[in-house]
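Notes follow the structure.
What follows is calculated from the coordinates using simple rules that are stated; it is not laboratory data. Because the structure is a prediction, the values reported are computed rather than measured. Using ideal geometry, Cβ is built from the backbone for each residue, glycine included, and neighbour counts are taken over all protein chains shown.
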Amino acid sequence: MNKLTPQMKVLVVDDHPLIVEELCEFLESSGYRCVPCHSSPQAVARFREDVEIGLVLCDLHMPDMDGIELVQELQRIAGKQRAFEAIMLTGRADKQDVIKALRAGIADYYQKPINLDELLEGLQRQETALRERQKGVELGQLNQKLQFLSASIDDLYHDLDKVRSSPQQAGRDAPDDLADADSSEMPAIFKQLSPRQLDVARLVGKGQTNYQIACELGITENTVKLYVSQVLRLTHMHNRTQLALALSPSNSAIRQRVTAH
């Protein structure tokens, strides 16, 4: 049997101390680190304070809180930011209990007396599944952070460019009368946008694609999509066609109707 040295810990919960001791001794000899608990309240406290716990091995029939209720409480504590897998142990093969446990999100169950080798194999399977889940969660969180970081950096560079521009250059690039005219034509709902969000909105108004906007502003297409989504949300518009109509100088009547909603 191959011994594992996983980083995550196993929370072992049973109201019979001898069973907890036997399970922990076996699992630790197989490379796992165990957190022994003799009651559901104790298990809740240990799970809350130890974020390395990723696997839960619990008895179904316990006082205070049965195994299903315990797992549901742990799920509530974990929320969406923390993943774990649970395996239920039961001395009675009640089909309804098993169905209820599986519906509650418990991944597997074993009947007492437990075949320890089968239990170890099942625990290893759940560990593998959990690591894949954790990768997906971490990648999703990282991708979201990168998108917002990219947008923030783009805004920062845009603001730096404005600061570095001389008053004379700013005057040549955007005469005061033209800037005032552009500002006066801009619907009030757009004045809440950041400079970069406004840049993207104006280019959408000119009918440019995400690729064209990305090339003109020197950002990625994904960043453009993020900005467009932000602009639509802030201006309460449903799509980029509605946004383009609202910014089109040749459709002032239509623009008034669009921005009035």
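Annotations for the structure displayed:
- A simple spin-label model places the labels of Cys215 and Arg33 5.4 nm from each other, with each point 7 Å out along Cα-to-Cβ.
- The order of Tyr110, Tyr227, going from fewest to most other C-beta atoms within 10 Å of their C-beta, is Tyr110, Tyr227.
- Approximate spin-label separation Arg82-Asp15, in nm, with each point projected 7 Å along Cα-to-Cβ: 2.5
- For Tyr110, the residues whose modelled amide H falls within less than 5 Å of its own, excluding neighbours fewer than 5 places apart on the same chain, are Met88, Leu89, Thr90.
- In this label model, Leu234 and Gln42 are separated by 5.5 nm, measuring between points 7 Å along each Cα→Cβ vector.
- Between segment 200-250 and segment 26-102, the C-alpha centres lie 49 angstrom from each other.
- Relative to the globular-protein estimate of 2.2 N^0.38 Å, the Cα radius of gyration of segment 9-140 stands at 0.97.
- J(HN,Hα) series, segment 68-84, from Karplus relation 6.51 cos²θ - 1.76 cosθ + 1.60, nearest Hz, glycine and proline x: 5, 4, 4, 4, 5, 5, 5, 4, 5, 5, 5, x, 8, 8, 9, 10, 8
- Residue pairs, from the table Lys95/Lys135; Lys80/Lys206; Lys135/Lys206; Lys9/Lys80; Lys112/Lys135, whose Cα atoms sit over 30 Å apart: Lys95/Lys135; Lys80/Lys206; Lys135/Lys206; Lys112/Lys135
- Under 5 Å, built H, 5+ apart or other chain: amide partners of Val35: Val10, Leu11, Val12
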